[in-house]
Amino acid sequence: MLITGTGGGQGRAGALRFAAEGAVVVGADIKTAGHAETVAMVEDEGGVMTGSGTLDLTVADDVRAWVQQAVTEHGGIDVVYNNAGVFKMGDIASLSLEDWTWSVDRELNQVFSVTRAAWPHLVARGGGAIVNTASIAGVVTLGEGGGIVHAATKAAVIAMTRDLAVSGAAHGIRANSISPGTVQTPATQEMFADPVGREAMLGPQLIKRLGQPDDIVSAALYLASDEASFVTGVNLVVDGGYTTR
């Protein structure tokens with residue numbers, strides 16, 4: 001299986017959990033040290049993980065080479081977990097075109113590139129599962145937090161996933177997305193360290209705690225597994241009840 005963003009956070013948690021379930025994990029990140037640490041952690045727990053700690057997922061040719069190497073080494077692909085993503089903060093008045101484009105490349109275009117590279121191999125395999133990480137920002141507005149590009153790209157990931165489900169049906173390929181809410185990772189640590197920002201996110205939630213990477217990975221495990229064999233085209237919201245109100 002392929003997992004992007006394995007240098008830490010949800011990608012690391014995903015690599016550990018999927019490997020513990022018996023998956024051969026092929027990871028990717030541009031964070032070389034973090035990716036290597038994840039590989040060591042997986043191996044220390046008896047799992048199998050390979051991949052690249054120098055992969056820029058915005059470079060389509062390099063993505064294709066990474067996918068092809070995974071197929072060559074392991075004989076095929078059956079799960080694609082598009083976890084990686086990062087964006088620049090800003091609203092319509094403050095976000096530059098350069099930061100918009102930079103963010104779209106890393107939150108939307110790389111999901112397309114990885115999935116497009118893996119697609120013929122999933123077809124050749126006779127089916128498989130695609131799990132895309134979206135966000136509640138793609139479902140509801142999060143107020144004036146300056147995440148306009150994050151909202152736009154994650155809404156697009158949700159829409160893309162539905163289309164992938166339709167295209168994949170004839171090939172036995174299921175595609176689903178997960179929309180996390182407030183999840184505590186190294187990337188969000190600074191945001192949630194601010195009491196005002198933390199309360200703004202936790203206030204609307206029904207479950208009054210921050211989500212953890214394993215909360216999201218548990219959903220990914222389900223969607224990638226045979227237990228979800230009747231589930232496709234779904235956006236599974238995992239947000240402690242944030243969007244309920």
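Per residue, the average separation of C-alpha pairs within less than 8 Å and at least 6 apart gives the chain a relative contact order of 18 percent.
Treat each spin label as a single point 7 Å out from the Cα along the C-beta direction, and report the R116 to V231 distance in nm. Going by the 7 Å Cα→Cβ label model, 2.9 nm. What separates the Cα centres of the stretch 11-54 and the stretch 137-199 is a distance of 23 Å. A simple rule links phi to the HN-Hα coupling: the Karplus curve 6.51 cos²θ - 1.76 cosθ + 1.60 with θ = phi - 60°, which for the stretch 128-136 gives x, 10, 10, 10, 10, 8, 9, 5, 5 Hz, with x for Gly and Pro. Taken about its Cα centre, the stretch 82-170 carries a charge dipole of about 420 debye when Lys and Arg each add +1 at the Cβ and Asp and Glu each add -1 at the Cβ.
Lys and Arg at +1, Asp and Glu at -1: add these up for the other residues within a Cβ distance under 13 Å of D215 and post the number. Could the numbers behind the result be given before it?
On the way: positive: R17, R209; negative: D214, D239.
Cβ neighbours under 13 Å give a net charge of 0.
If one takes the longest principal axis of the Cα atoms in the chain, at what angle in degrees, from 0 to 90 and to the nearest 10, does the Cα axis of helix 32-44 lie? Helix 32-44 sits roughly 60 degrees off the main axis of the chain. Amide H contacts of T50 (H built 1.01 Å from N, in plane; Pro and chain starts excluded): V25, V26, G27 sit under 5 Å, all sequence-distant by 5 or more or on other chains.
The mean sequence distance of close C-alpha pairs (under 8 Å, at least 6 residues apart), as a share of the length of the stretch 78-185, puts its relative contact order at 34 percent. Under 25 Å of direct C-alpha separation, and excluding same-chain neighbours fewer than eight residues apart, K88 reaches these lysines: K31, K154. Compared with the direct C-alpha span, the chain from D163 to Q69 gains 31.2 nm at full extension, assuming 0.36 nm per residue. If you model the stretch 2-235 as an ellipsoid using its alpha carbon gyration tensor, with each semi-axis the square root of five times an eigenvalue, the axes come out at 27, 20, 18 Å, biggest first.
Distant-in-sequence amide contacts of V237, defined by a placed amide H-H separation under 5 Å and a gap of 5 or more residues or a different chain, comprise S179.
Backbone geometry of the stretch 168-179 corresponds, through the Karplus equation with coefficients 6.51, -1.76 and 1.60 at θ = phi - 60°, to 3J(HN,Hα) couplings of x, 4, 5, 10, x, 9, 9, 9, 9, 10, 10, 10 Hz, x marking Gly and Pro.
Dipole check for the stretch 2-235: with +1 at the C-beta of Lys and Arg, -1 at the C-beta of Asp and Glu, and the Cα centre as origin, the magnitude is about 480 Debye.
Here the residues D29, D62, ranked from fewest to most Cβ neighbours within 10 Å of their Cβ, fall in the order D62, D29. In the chain, taking the dipole from charged Cβ atoms about the Cα centre, the farthest positive-side position among N109, T188, V63 is held by N109.
Where a number appears in this text, it was derived from the coordinates with a stated rule and is not lab data. What you see is a predicted model, and the numbers here were worked out from it, not measured in a lab. As a convention, Cβ positions derive from the backbone with ideal geometry for all residues, glycine included, and neighbour counts pool all protein chains shown.
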